[in-house]
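Q: Structure provided below as structure tokens; questions to follow.
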Amino acid sequence: MCGIVGYVGSNLAYPVIIDGLKKLEYRGYDSAGVALHMGNSIEVYKKEGKVAALEESVHGKNVQATIGIGHTRWATHGEPSDRNAHPHYSNSRNIAMIHNGIIENYAQLKSELLQKGYTFKSDTDSEVLVNFIEDIKINNECSLEEAVRIALKRVVGAYVILLLDKDLPDTIIAARKGSPLVIGVGENAHYLGSDASPMLAYTKEVVYINDYELAIVRPDELILKNLGNERITPFVQKLDMELAAIEKGGFDHFMLKEIFEQPQTIFDSLRGRMDAEQQSITLSGVDKIAERLLRANRIIIVACGTSWHAGLLAEYVIEELCRINVEVEYASEFRYRNPIITDQDVIIAISQSGETADTLVALENAKKQGATIFGLVNVVGSSIARMSDAGAYTHAGPEIGVASTKAFTAQLTVLYLIALKIAQLKGTIEATLFNRLLADLANVPAYVKEILDDQHAVIQAIARKYSDARDFLYLGRGYNFPIALEGALKLKEVSYIHAEGYPAAEMKHGPIALVDEQLPVVFVATKDSYHEKIISNIQEIKARKGKVIAVVSHGDNVATGLADDVMVVPHVHEIIAPVLSVIPLQLLSYYIGVYRGLDVDKPRNLAKSVTVE
Ligand code: F6R
């Protein structure tokens, strides 16, 4: 939610910032803006819409600065507009600030400032904060750094802020709490970003800033302090990421590229962790908390959105294989409803970004109550990864398309490994089943490739046929139920078609009233122990003239015979089938979005990383 970029060095800042904002646009694209320190003044340029609109509006203007900050916004306080776009000036125009997060006590701070005669041009909480900082600076006759420190002690909420001060022509002041901030160390230059992508073209040396830390950033100097003004030694890490990973590589959209990357990303999730011949799984994160897991009362899975769907499947799999009670929680509900947590509980947090605010706070609460936290995260060095007691990375690589695809299948893959590992440690799985599941998992990358090769054109044709539909229903049973939910979510996100995911049998208790000859019903109907039941559910829809699109196992003539359209996947054990059955649904959503003329990589109102609650 909101992307922030900063540059201070000896080159021109503007191109670095614009390039960085384009890389971070997945975090929000309601408006974009830059502030450049021009020596005697700070110039702010900002525009509603995407970064391209900003670039166009800045064309021909003086941007000859070597220090600047930039922002791409996902609106919270105030509609998307030029005046609500960041950066925001303080009243004197001596300070400019960008902000990612929410200042919860902004109303109180604003009323204090209004009484002192401050005026506001925007509806944002961020403009309140920059003026609050300026007010402290003036009243205490102190430096900007000191004013920020004092101000942040009163701020309630989450933030990353970057500030320029007219009196400091070579310094960016930055601070974070609850939103991500990475600083890249270059040659006589520093780069700041919400993640490492804006700096990847220039440096691989980065410092991840922690909550309650403040950075004073100059071309040749990075000073880190805590809010008590004590120095902290920056911990420089080397990025393990290539520039190609964040470029489209010949595909029309990141979403399509990421769907097609899945044979590789699933392979990467398995690599070094599974040895089908030795019948062994290596997961150091599970080993680290093995004792806790083995005596756990229950496992609570906490996540949001697509990651929650991965968690729901994990509930089915872990309960089946490990015989441990599992609960799956929406982080946003879990954090507010006073759940009963003990030190016997293990929490598995699932998050692509590792920055989702609700998940993060839910974990902090659970940790305070003694639970052990295991993080299943994609973004290396992210907040959830760092606050976990143990964990495993999903190794899907950077996911830029706002709708999650490869991160989801990587989550499923690692969750299978986790379940199998625990089951083996607990002795709750027969060797034959263990070996069968391991063998199927080893083949998943090849099977996904087979689906992408064989079904691509078929799915394109199905997508074209149904792209004008007004509603969709997605149905699945057992292990495929979470995939029905995920299929519906994907379609909603990228096509703006209303879609509902439902347990196939539950459909009779209400949604069946929606069925008529206009309604496409997608069945996730791969061969499993419920197959006959789902065939009956297909019959029920057909009897009411609904249009049936089915994901079926190779060779399933019954389902194929009943459905209007089919998408075929290889037949594997029912526990592993979901990681295959989701692939056609991703492609279906993608092409329906494309045929409706939509920007599938940046769907309206969405942002990749939800760092506000
Ligand atoms: C859907 C999607 C979202 C995320 C959710 C959680 O395609 O991407 O529903 O899954 O916002 O995000 P993470 O996994 O980053 O915590």
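Q: Considering only region 341-356, state which residues are charged (D, E, K, R) and touching a residue at least 40 places away in the same chain (Cβ under 8 Å).
A: The answer is Asp345, Glu355.
Q: Here is a further query. Can you run down the residue pairs with Cβ atoms below 8 Å, 6 or more apart or on separate chains, where the first is in region 393-405 and more than 11 Å from Thr306 (Cβ to Cβ) and the partner is near the ligand (Cβ under 8 Å from one of its atoms) and among the small types (Gly, Ala, Ser)?
A: Thr394/Ala407; Ala396/Ala407
Q: Given the residues Asp565, Asp516, Asp471, which is the only one that is farther than 29 Å from Lys449 by Cα and touching a residue at least 40 places away in the same chain (Cβ under 8 Å)? Step through it out loud before you land on a result.
A: Details: Asp565 fails: farther than 29 Å from Lys449 by Cα; Asp516 fails: touching a residue at least 40 places away in the same chain (Cβ under 8 Å).
Exactly one residue qualifies, and that residue is Asp471.
Q: To continue, here is another question. How many of the residues making up region 225-235 are loosely packed, with under 14 Cβ neighbours inside 10 Å and hydrophobic (A, V, I, L, M, F, W, C)?
A: The qualifying residues number 1.
Q: Could I ask something else about it? Just need a number here: residues in region 367-377 that are away from the ligand (no atom under 14 Å from the Cβ), within 20 Å of Gly305 (Cα to Cα) and in contact (Cβ under 8 Å) with a residue 40 or more places away in the chain.
A: First, the residues of region 367-377 that are away from the ligand (no atom under 14 Å from the Cβ): 367-374.
Checking which are within 20 Å of Gly305 (Cα to Cα) leaves us with 373-374.
After this cut, where a residue has to be in contact (Cβ under 8 Å) with a residue 40 or more places away in the chain as well, the list is 374.
The total comes to 1.
Q: So, one more: Restricting to region 286-303, give me the number of residues that are surrounded by fewer than 18 Cβ atoms within 10 Å (Cβ to Cβ) and either part of a loop (DSSP other than H, G, I, E, B) or polar (S, T, N, Q) (or both).
A: So the answer is 2.
Q: Still on this structure, please answer the following. Is it the case that some residue within region 482-496 is farther than 19 Å from Ile259 by Cα and either surrounded by 17 or more Cβ atoms within 10 Å (Cβ to Cβ) or under 24 Å from the mean Cα position of the chain (by Cα) (or both)?
A: Among the residues of region 482-496, at least one is farther than 19 Å from Ile259 by Cα and either surrounded by 17 or more Cβ atoms within 10 Å (Cβ to Cβ) or under 24 Å from the mean Cα position of the chain (by Cα) (or both), which makes the answer yes.
Q: Still on this structure, I have one more. Across region 198-244, what is the total count of residues that are among the hydroxyl-bearing types (Ser, Thr, Tyr) and touching a Pro at 6+ places or on another chain (Cβ under 9 Å)?
A: Counting residues in region 198-244 that are among the hydroxyl-bearing types (Ser, Thr, Tyr) and touching a Pro at 6+ places or on another chain (Cβ under 9 Å) gives 1.
Q: When the residues of region 386-428 are filtered to those that are within 15 Å of the ligand (Cβ to nearest atom) and charged (D, E, K, R), which remaining residue is surrounded by the fewest Cβ atoms within 10 Å (Cβ to Cβ)?
A: Step by step, filter region 386-428, then rank; the result is Arg386.
Q: Show the residue pairs that are 6+ apart or on different chains and have beta-carbon atoms under 6 Å apart, the first residue being within region 308-322 and within 10 Å of Gln411 (Cβ to Cβ), the second being acidic (Asp, Glu) and within 16 Å of the ligand (Cβ to nearest atom).
A: Short answer, once both residue conditions are applied: His309/Glu486.
Q: Next question. Are any of the residues in region 314-326 closer than 18 Å to Thr356 by Cα, within 16 Å of the ligand (Cβ to nearest atom) and at pLDDT 95 or above?
A: No, every residue in region 314-326 fails to be closer than 18 Å to Thr356 by Cα, within 16 Å of the ligand (Cβ to nearest atom) and at pLDDT 95 or above.
Q: Tally time: how many residues in region 327-344 are in a strand (DSSP E or B) and either buried (at least 22 other Cβ atoms within 10 Å of the Cβ) or within 16 Å of the ligand (Cβ to nearest atom) (or both)? First the steps, then the outcome.
A: Step one: list which residues in region 327-344 are in a strand (DSSP E or B), which gives 327-330.
Restricting the remaining residues to those that are either buried (at least 22 other Cβ atoms within 10 Å of the Cβ) or within 16 Å of the ligand (Cβ to nearest atom) (or both) gives 328-330.
Summing the residues that are in a strand (DSSP E or B) and either buried (at least 22 other Cβ atoms within 10 Å of the Cβ) or within 16 Å of the ligand (Cβ to nearest atom) (or both) in region 327-344 gives 3.
Q: Still on this model: Residue check: is Val380 surrounded by fewer than 24 Cβ atoms within 10 Å (Cβ to Cβ), β-branched (Val, Ile, Thr), within 16 Å of the ligand (Cβ to nearest atom) and part of a loop (DSSP other than H, G, I, E, B)?
A: It is true that Val380 is surrounded by fewer than 24 Cβ atoms within 10 Å (Cβ to Cβ), β-branched (Val, Ile, Thr), within 16 Å of the ligand (Cβ to nearest atom) and part of a loop (DSSP other than H, G, I, E, B).
Q: OK, next. Given the criterion free of Cβ contacts under 8 Å to residues at least 60 places away in the same chain, buried (at least 20 other Cβ atoms within 10 Å of the Cβ), basic (Lys, Arg) and over 25 Å from Ala32 (Cβ atoms), identify the matching residue among Lys137, Lys116. Steps first, please.
A: On the way: Lys116 fails: buried (at least 20 other Cβ atoms within 10 Å of the Cβ).
Result: Lys137 is the single residue among Lys137, Lys116 that is free of Cβ contacts under 8 Å to residues at least 60 places away in the same chain, buried (at least 20 other Cβ atoms within 10 Å of the Cβ), basic (Lys, Arg) and over 25 Å from Ala32 (Cβ atoms).
Q: Please verify whether Asp252 is within 25 Å of Ile592 (Cβ to Cβ) and part of a loop (DSSP other than H, G, I, E, B), treating the condition exactly as stated.
A: Yes: the conditions hold for Asp252.
Q: Might you check whether a residue that is farther than 18 Å from Glu486 by Cβ, away from the ligand (no atom under 15 Å from the Cβ), in contact with a Gly (Cβ under 8 Å, 6 or more places away or on another chain) and part of a loop (DSSP other than H, G, I, E, B) occurs anywhere in region 268-283?
A: The answer is yes; a qualifying residue exists.
Q: Within region 16-30, count every residue that is modelled with pLDDT of 95 or more and either surrounded by 24 or more Cβ atoms within 10 Å (Cβ to Cβ) or among the β-branched types (Val, Ile, Thr) (or both).
A: 5
Q: Going through region 292-313 one residue at a time, which ones are closer than 12 Å to Ala349 by Cα and either away from the ligand (no atom under 16 Å from the Cβ) or of a type in the set (Val, Ile, Thr) (or both)?
A: Within region 292-313, Ile299, Ile300, Ile301, Val302 qualify.
The values are calculated or read from the model by the stated rules, or taken from the named source; none is laboratory data. All values reported here derive from a predicted model rather than from experimental measurement. Cβ atoms come from the backbone with ideal geometry, glycine included; neighbour counts cover every protein chain shown.
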